[in-house]
């Protein structure tokens, strides 16, 4: 079992990027991958854990009384405890598996939202939010006759906390914002914002899609009611994500999806639902993906989230400086100390798509577009930006290659 | 360091049409005016037409976008000016891509065909889904 053997391979103890990159076979293709805010790459340990399930104990969970199904159930549930530890939730009952951040936010919008938002209520989100943390609230507001207000940004791409405080005075029912902006990399003062919103009586959802992969997270210290994130941005596979919710809120919420595995008893007269967390997990789940996500958490824990953040800060400072030196290049967003490993920028006279195409010729993967943040793009007065984003495996050489592609684009378009 | 110049993706005449777009701007009192956007990137192209006796007498395009979408629109307006509508109807995706003369990756096809979509939806009033690929 060569593949399974690698699954148990030790994670590098010291933060050694060259050693880390050996765990990621995709880098053997020679790409410079600067799009980790979009989706991360996955180490062998993750794909091997998934293959191990498929090839050795593939079976459904929570249903069968034979050994491989018990192993599948055990490993599937083991991920829940790993996630609980990673985000410091009080209980695994507060850790709900979803397909990703979008589903987690929609679960709250449909289940909590439909039960708690009514006509005239105010929902506060921000201009830094991803469409997945805007559109579900717009739909909910339209259905209930509630309305949505947006916290503006200042010229550095940081939230205007004065305006946030003003909006809180109007007593919003819900405040939802991302801890880190996927489009600009801005790190929001989340703990402070949650405390203010809670003091104003709001329920608070934090979109953790960009924070969980990149820095230590403690949902209890944060104090939020809900916290959603995706596995595929944190070394895990697509199709597995997490919604954290405070237990008393989750207990009171009606189910979102219904069907098999989320019930206690079903009779023709009616149904009683399973306890947490399974009440929110209807149907056969993404078993292999959840097991893969568990391996991803092991990998991250092996490195330590503080070390991951420290490495990314170093790369971000390096890239920020290198990009800022290029004539005709505008970097959006705050200085490196207050941003995650994301740099959005514009080149005078060169459309982001054209840069992305030219960079692609150099095997440099960089994102061009609105980053699912069209209200933010409108606020910045652009249709799109180019975005380079980094992760624990990013090395300075990849940033240098991007700089080379930018200079090549400038030569072509000169 | 790049192969971009070698494989001629950004050929001189495409860059020329991007930097000096032909028929760029607006028409006063157009007979037809229509805009489309590329949901992938938010780029927008609009066209104004002056039609006389079934012939496209004058045409302007406006909007913002990448070199491919802008050059494609510029080339298309050059071709459309003075063309009978009946003939313009026969312009196909292959014609537009052929005129660009470069290999367009699947991700960029919508950039290249955005102006054709404006022409088809705007000038012929076709339902949007009829021109989707």
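The values are calculated or read from the model by the stated rules, or taken from the named source; none is laboratory data. Quantities reported herein were computed from a predicted structural model and do not represent experimental measurements. Cβ: placed from backbone, ideal geometry, glycine included. Neighbour counts: every protein chain shown.
So residue A:205 ticks every box in (1) touching a helix residue (DSSP H, G or I) at 6+ places or on another chain (Cβ under 7 Å); (2) surrounded by fewer than 24 Cβ atoms within 10 Å (Cβ to Cβ); (3) in contact (Cβ under 8 Å) with a residue 60 or more places away in the chain but one. Which box is left unticked?
For residue A:205, the failing item is (2).
On the given criteria, is residue A:80 at pLDDT 95 or above and either touching a helix residue (DSSP H, G or I) at 6+ places or on another chain (Cβ under 6 Å) or assigned to a loop (DSSP other than H, G, I, E, B) (or both)?
Yes.
Given (1) touching a strand residue (DSSP E or B) at 6+ places or on another chain (Cβ under 9 Å); (2) assigned to a loop (DSSP other than H, G, I, E, B); (3) at negative phi, where does residue A:148 come up short, assuming only one miss?
(2)
Among the residues that make up segment A:298-311, is at least one of them within 14 Å of chain B (Cβ to nearest Cβ), over 24 Å from residue A:104 (Cβ atoms) and in contact with a helix residue (DSSP H, G or I) (Cβ under 8 Å, 6 or more places away or on another chain)?
no
Can residue A:339 be described as more than 14 Å from every other protein chain (Cβ to nearest Cβ), buried (at least 17 other Cβ atoms within 10 Å of the Cβ) and either over 26 Å from the mean Cα position of the chain (by Cα) or within 30 Å of residue A:402 (Cα to Cα) (or both)?
It is true that residue A:339 is more than 14 Å from every other protein chain (Cβ to nearest Cβ), buried (at least 17 other Cβ atoms within 10 Å of the Cβ) and either over 26 Å from the mean Cα position of the chain (by Cα) or within 30 Å of residue A:402 (Cα to Cα) (or both).
Here is a list of conditions, (1) facing chain B (nearest Cβ under 9 Å); (2) part of a strand (DSSP E or B), and residue A:405 meets all of them except one; can you say which number that is?
Failed condition: (2).
Which condition number in (1) surrounded by fewer than 23 Cβ atoms within 10 Å (Cβ to Cβ); (2) more than 14 Å from chain B (Cβ to nearest Cβ); (3) under 27 Å from residue B:39 (Cβ atoms); (4) in contact with a helix residue (DSSP H, G or I) (Cβ under 6 Å, 6 or more places away or on another chain) is the one that residue A:350 fails?
All conditions are met except number (2).
Across segment A:107-124, what is the total count of residues that are crowded, with 22+ Cβ neighbours inside 10 Å and in contact with a helix residue (DSSP H, G or I) (Cβ under 6 Å, 6 or more places away or on another chain)?
Number of matching residues: 5.
Quick one: in segment A:21-63, of everything that is in a loop (DSSP other than H, G, I, E, B) and out of contact with any helix residue (DSSP H, G or I) (no Cβ under 8 Å at 6 or more places or on another chain), which residue is surrounded by the fewest Cβ atoms within 10 Å (Cβ to Cβ)?
Per the stated criteria, the residue is A:30.
From the list B:93, B:89, exactly one residue is closer than 26 Å to residue B:28 by Cα and more than 14 Å from chain A (Cβ to nearest Cβ). Which is it?
Unique residue meeting the criteria: B:89.
Scan A:349, A:333 and give me the residue that is at positive phi and modelled with pLDDT of 95 or more.
Answer to the selection: A:333.
Pick out, from segment A:239-331, the helices (runs of 4 or more DSSP H) lying fully within it that include 3 or more residues that are crowded, with 17+ Cβ neighbours inside 10 Å.
Helices (runs of 4 or more DSSP H) meeting the threshold: A:287-303, A:305-324.
Here is a yes/no grid of residues against (1) within 11 Å of the chain's Cα centre (by Cα); (2) surrounded by fewer than 20 Cβ atoms within 10 Å (Cβ to Cβ); (3) at negative phi; (4) within 10 Å of chain A (Cβ to nearest Cβ):
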| position | (1), (2), (3), (4) |
| --- | --- |
| B:13 | no, yes, yes, no |
| B:34 | no, yes, yes, no |
| B:37 | no, yes, yes, yes |
| B:47 | yes, no, yes, no |
| B:55 | no, yes, yes, no |
| B:61 | yes, no, yes, no |
| B:64 | no, yes, yes, yes |
| B:67 | no, no, yes, yes |
| B:75 | yes, no, yes, no |
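Mind checking which residues of segment A:355-374 are touching a strand residue (DSSP E or B) at 6+ places or on another chain (Cβ under 6 Å), over 30 Å from residue A:154 (Cβ atoms) and surrounded by fewer than 24 Cβ atoms within 10 Å (Cβ to Cβ)?
Answer for segment A:355-374, where residues must be touching a strand residue (DSSP E or B) at 6+ places or on another chain (Cβ under 6 Å), over 30 Å from residue A:154 (Cβ atoms) and surrounded by fewer than 24 Cβ atoms within 10 Å (Cβ to Cβ): just A:365.
Looking at segment A:375-400, which of its residues are part of a helix (DSSP H, G or I), within 11 Å of chain B (Cβ to nearest Cβ) and surrounded by 19 or more Cβ atoms within 10 Å (Cβ to Cβ)?
Passing the criteria: only A:377.
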